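S.K.: Pasting in a structure now, in structure tokens, and then I'll have a few things to ask.
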Amino acid sequence: MVFSSHIFIFYFLPLVLALYYACPMRWRQLLIAIVSYVFYGWANPWFIFLMLFSTTVDYTAGQLIVGRWRLRRFANDEPAGEGLPSARQRKLALVISISTNLALLGFFKYLGFAETNLNYLLSWLGHDAVRVYQVVLPVGISFYTFQSMSYSIDLYRRDARVARDFLDFACYVALFPQLVAGPIVRYQDLAEQLRWRSHTVEKFARGILFFGFGMAKKILLANPMGQVADATFGAGGLMWYDAWVGVAAYAFQIYFDFSGYSDMAIGLGLMLGFEFKRNFNLPYLSEGMTEFWRRWHISLSTWLRDYLYIPLGGNRRGPRRTYANLAIVMLLGGLWHGAQWTFVIWGALHGVLLALERWNGKQPLYRRLPQPLRIVITFIVVLITWVFFRAETFGQAISYLGAMFGLQEAGPAGILVGSVLYQPQFLLVFAACFLVHIFALDTWDAAEDLRPAKLGLAAASLAASVAVMFTQAYNPFLYFRF
């Protein structure tokens, strides 16, 4: 189930809110867990058991890490302190949590990728190929495994409190507003809210504002830009200016699609009393790649920093190790997005760019240029990297880059693609996307100063989005594939 669907808007959400506010406080946690599992299992009920398994493993690991439960084998080990489990038990529990989550990701997301690449190697060596198994990718597995795994890591580091009971932890993992596409929420940020949270008219109104503007981003901006991007990336040879228009359209599609969904998630959380952190902050206004990653998918970039970059040594072991750590983190970050070499290359490019800026004092090489030019150059660099993110194959990415720089002749389909790109409705949406960034219009900033006029605009945006949604045959959600 997705937020931008009539089932969610007209049936699921009103019913959930009605039941939630009709329930006594002591039953609300159970209600959220139940409806979240219904939400997740709507398309494929079998996915519920996978998420429940991951939740059970990490909850159990947490109990072992803090010593609420003891393994017989380590019961007589010397404890780490009064009332604490032994160091061996803590490490074993952490290893079980991390290895289980990574094994789930590896099997469901990367098995086919590994088998395909193994076949290329076997063919090159003159051996027979192995059978490639097609495994259905469970929706949101990349998000909830990272989220669930961070709980046991934080407990091991003593950065979080242990869950009060299994219901609290299951509610945290399955919380439907941010389940399938983030933001990636850490248990330590929700621990107190799971125990107690306020419900006010002001908070609910902010939730409506977030949801209304997020829905508008998705339906009114991202979807039309997606049609432009699909037309260009599927056309073959293009005129150079059409290629740039196409990749700019994709840049706006992925930003407004994902940030719009994050806004809706934050809004839904507020309606239920939860407060999530900001996940996007106008990334296309960045003056360098380091700043871009402080503004883009903030919950993922901080997760990679805290659970991968810093444990690898961060910047504490000299410049060369720092550059290597940045490269490793971004390579894995690219692979996290999908089991394709194009994602790996996208991550590698960002790793190189971040290393260059680190070498230059965390500043872009063009730092002496005026601010508007720094923003434009950074945006162009981001567009070039987005080609690999959007392309289905490495060959398509190279072909598209060739078109962007005038190194490829336009084919028949490429010549005709202009009839799609420059239709008035698409040009109007393009202008709206640029204006949003030029004037730094963002939902998070709008919600800080809540006024009746803003609420009216959010409600009107939601109504217009729902009306347009019924006319759109094109309504994908990009991050479902991740």
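S.K.: Here is a list: 368, 390, 305, 374. Which entry is modelled with pLDDT under 90 and basic (Lys, Arg)?
M.R.: After ruling out the rest, the residue left standing is 368.
S.K.: Restricting the first residue to region 337-360 and requiring it to be not assigned by TED's automatic domain parsing to the domain that holds residue 386, which pairs with a second residue that is of a type in the set (D, E, K, R) and assigned to a helix (DSSP H, G or I) meet a Cβ separation below 6 Å and a spacing of at least six or different chains?
M.R.: 339/109
S.K.: While we're here: Find the residue count for region 399-414, including only residues that are loosely packed, with under 15 Cβ neighbours inside 10 Å and assigned to a helix (DSSP H, G or I).
M.R.: As a first pass, look at region 399-414 and keep what is loosely packed, with under 15 Cβ neighbours inside 10 Å: 405-407, 409, 411-413.
Among the residues that remain, those that are also assigned to a helix (DSSP H, G or I) are: 412-413.
Qualifying residue count for the region: 2.
S.K.: Now for a different question. Might you check whether a residue that is touching a Gly at 6+ places or on another chain (Cβ under 9 Å) and either at pLDDT 85 or above or in the same structural domain as residue 172 (by TED's automatic domain parsing) (or both) occurs anywhere in region 54-66?
M.R.: No, that holds for no residue.
For (1) modelled with pLDDT under 85; (2) in contact with a Ser or Thr (Cβ under 9 Å, 6 or more places away or on another chain), each residue gets a yes or a no:
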| residue | (1), (2) |
| --- | --- |
| 97 | no, yes |
| 107 | no, no |
| 122 | yes, no |
| 127 | yes, no |
| 132 | yes, yes |
| 135 | yes, no |
| 139 | yes, no |
| 148 | no, yes |
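Every residue, every condition in (1) of a type outside the set (S, T, N, Q); (2) touching a strand residue (DSSP E or B) at 6+ places or on another chain (Cβ under 8 Å); (3) within 19 Å of residue 264 (Cβ to Cβ), yes or no:
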residue: 191; (1), (2), (3): yes, no, no
residue: 208; (1), (2), (3): yes, no, yes
residue: 211; (1), (2), (3): yes, no, yes
residue: 225; (1), (2), (3): yes, no, yes
residue: 232; (1), (2), (3): no, no, no
residue: 235; (1), (2), (3): yes, no, no
residue: 240; (1), (2), (3): yes, no, no
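S.K.: How many residues, within region 297-336, are more than 18 Å from residue 258 (Cβ to Cβ), touching a residue at least 40 places away in the same chain (Cβ under 8 Å) and polar (S, T, N, Q)?
M.R.: 1
S.K.: Same structure, new question: With 248, 191 as the choices, which residue is in the same structural domain as residue 30 (by TED's automatic domain parsing) and surrounded by fewer than 24 Cβ atoms within 10 Å (Cβ to Cβ)?
M.R.: Among 248, 191, only 191 is in the same structural domain as residue 30 (by TED's automatic domain parsing) and surrounded by fewer than 24 Cβ atoms within 10 Å (Cβ to Cβ).
S.K.: Sticking with this one: Just give me the residues in region 258-278 being of a type outside the set (A, V, I, L, M, F, W, C) and buried (at least 24 other Cβ atoms within 10 Å of the Cβ), in sequence order.
M.R.: Listed by number, the residues that qualify are 259, 260, 261, 262, 263, 267, 269.
S.K.: Please work out if residue 334 is part of a helix (DSSP H, G or I) and either out of contact with any helix residue (DSSP H, G or I) (no Cβ under 7 Å at 6 or more places or on another chain) or surrounded by 20 or more Cβ atoms within 10 Å (Cβ to Cβ) (or both). Give the derivation first.
M.R.: Values: part of a helix (DSSP H, G or I): yes; either out of contact with any helix residue (DSSP H, G or I) (no Cβ under 7 Å at 6 or more places or on another chain) or surrounded by 20 or more Cβ atoms within 10 Å (Cβ to Cβ) (or both): yes.
So residue 334 fits the description; yes.
S.K.: If you take the residues in region 142-199 that are of a type in the set (Lys, Arg) and touching a Phe, Trp or Tyr at 6+ places or on another chain (Cβ under 9 Å), which one is farthest from residue 90 (Cα to Cα)?
M.R.: Among them, the one singled out is 197.
The values are calculated or read from the model by the stated rules, or taken from the named source; none is laboratory data. Keep in mind the model is a prediction, meaning the values are calculated, not measured. Cβ atoms come from the backbone with ideal geometry, glycine included; neighbour counts cover every protein chain shown.
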